[in-house]
There are 2 protein chains.
Amino acid sequence: MNRDKALEIVKEHLTEHRFVHTCGVMETSIELAKRYGADEKKAETAAIFHDYAKFRDKQEMQSIIEDEGLAQDLLLYNSELWHAPVGAVLVEREVGIEDVEILNAIRFHTSGKEGMTVLDKVIYLADYIEPNRQFPGVEEVRELAEKSLDLALLKALQNTMTFLMKRNQAIYPDTFRFYNELTLNQRR
Amino acid sequence: MNRDKALEIVKEHLTEHRFVHTCGVMETSIELAKRYGADEKKAETAAIFHDYAKFRDKQEMQSIIEDEGLAQDLLLYNSELWHAPVGAVLVEREVGIEDVEILNAIRFHTSGKEGMTVLDKVIYLADYIEPNRQFPGVEEVRELAEKSLDLALLKALQNTMTFLMKRNQAIYPDTFRFYNELTLNQRR
């Protein structure tokens, strides 16, 4: 899909702040795709639509998780996770994107999971480090992203899991498995 | 089993330093068992034998994990985890203790797992806070242990997982599930 057309579609579903973030994720995804050998056009499209479902009603997201046979354990964890798999469903249904690689990159961009493709990882990381992001630790991840996709992701996961643990919050099992996989990769 | 006899048996398998630790775990386990309603005598016995296999040869431990049908994924994770399930096997085989509650408390004292009994939790926590332990954060866990078994364990798990993450080390899935279960309990 044409970039301008895609941005025009997604803009209606986002706040101004989230649209600016989305443009940042788009630019960063293209850079990372170039650097680490993912399809740049798919990275662009996945980035543009990654937060498509971010502002959907919680009840609607819950229904989609139930009706579309998404992982039901999502409902036991923080609802912040829901917009990613729900987004993959809605981007296919409402926007008509059928490319599974793009849809998966949208699907896994918040939880992560074991066995992600380079494209999945690019979107996950771009979402974390795009230039508008400002939080403790982001700069270190940006620097790591210059030289290693997996090292940058490992640090991002450590930050995220530490953040959740400090708040006594559960960690979604796919996120934990993604972390463990990255540590095991380091040892190879 | 008589306390003195049990201590005499275990002493031969431990360094002096580890024997002192074991006596600390014993005293603390009895206190915690009283406080949180576990069987004090079982807590005493499980505590005395919790590190029975600590100094076994790594090759021997690996063989036992393979031959006794213990969780094979243990072999993919830090060998520090092995002495607990291997200990349960050897305490049964060599010392003749057959009480499943005692053996399980030994088995799970390092990794933890979902669905632990109060006795399992008592041994896990006593191992962490016994008076000879000195590391950052232990005092806070000791204080929490005065009022809530699960809150103390949650903090201990957070410390342990943070420690592992800072070193880019994998977290054993049972440990992660134990953490998540404790966070979900907080919400109830």
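The values are calculated or read from the model by the stated rules, or taken from the named source; none is laboratory data. What you see is a predicted model, and the numbers here were worked out from it, not measured in a lab. Glycine gets a Cβ as well: all are built from the backbone with ideal geometry, and neighbour counts include every protein chain shown. Accessible surface is based on the protein model in full, side chains and every heavy atom, while ligands, DNA and RNA are left aside. Shrake-Rupley method; radii C 1.70, N 1.55, O 1.52, S 1.80 Å.
Shape summary of chain B, radius of gyration then Dmax from alpha carbon positions: 15.6, 45 Å.
Across region A:80-124, Cα pairs under 8 Å and at least six residues apart give a relative contact order of 38 percent. Taking all protein chains together and rolling a 1.4 Å probe, B:K5 ends up with roughly 100 Å² accessible. Computed on chain B, with alpha-carbon pairs under 8 angstrom and 6+ residues apart, the relative contact order is 21 percent. Buried accessible surface for the A/B pair, both sides summed and rounded to the nearest 100, is 1600 Å² with a 1.4 Å probe.
When the solvent-accessible surface of protein heavy atoms is calculated with a 1.4 angstrom probe, in what order do B:D99, A:D120, A:D39 fall, highest first?
Solvent-accessible surface, decreasing: A:D39, B:D99, A:D120.
Averaging the Cα positions of each part gives two centres, and for region A:60-99 and region B:11-46 these lie 49 Å apart. Each copy carries a label point for B:L14 at 7 Å from Cα toward Cβ; from one copy, the others' points are 5.9 nm away, ordered from shortest.
Expressed per residue, the C-alpha convex hull volume of the protein assembly as shown stands at 155 Å³. Take A:E114, move 7 Å from Cα toward the beta carbon, and the resulting point lies 1.4 nm from the same point in each other copy, nearest first. Ignoring lysines fewer than eight residues from A:K54 along the same chain, the ones with Cα atoms less than 18 angstrom from its Cα are A:K11.
Solvent-accessible surface of the protein assembly as shown, averaged per residue with a 1.4 angstrom probe and all protein chains in place: 46 square angstrom. For region B:131-180, a drop of 30 Å² or more in accessible area on going from the chain alone to the assembled protein chains (1.4 Å probe) is found at B:Q158, B:M165, B:N168, B:A170, B:I171, B:F176, B:Y179, B:N180. Considering all different alpha carbon pairs of region B:1-40, the Kirkwood hydrodynamic radius works out to 10.9 Å.
When peptides B:110-117, B:137-144 are ranked by their average number of other Cβ atoms within 10 Å per residue, the highest-first order is B:110-117, B:137-144. Could you tell me which of the pairs A:K58/A:K166; B:K34/B:K58; A:K34/A:K166; A:K58/B:K155; B:K58/B:K155; A:K5/A:K113 are separated by over 27 angstrom between their Cα atoms in the structure shown? Violating the 27 Å limit, Cα to Cα: B:K34/B:K58; A:K34/A:K166; A:K58/B:K155; B:K58/B:K155; A:K5/A:K113. Computed over neighbours whose Cβ is under 13 Å from that of A:K147, the net charge equals -1, Lys and Arg +1, Asp and Glu -1. Ligands, DNA and RNA left out, the 1.4 Å accessible surface of chain A is 47% carbon and sulfur atoms. The length gained by stretching the chain between A:E27 and A:K5 to full extension, at 0.36 nm per residue less their Cα-Cα distance, is 6.3 nm. Using Cβ point charges alone (K and R +1, D and E -1), the dipole size of chain A about the Cα centre works out to roughly 660 debye.
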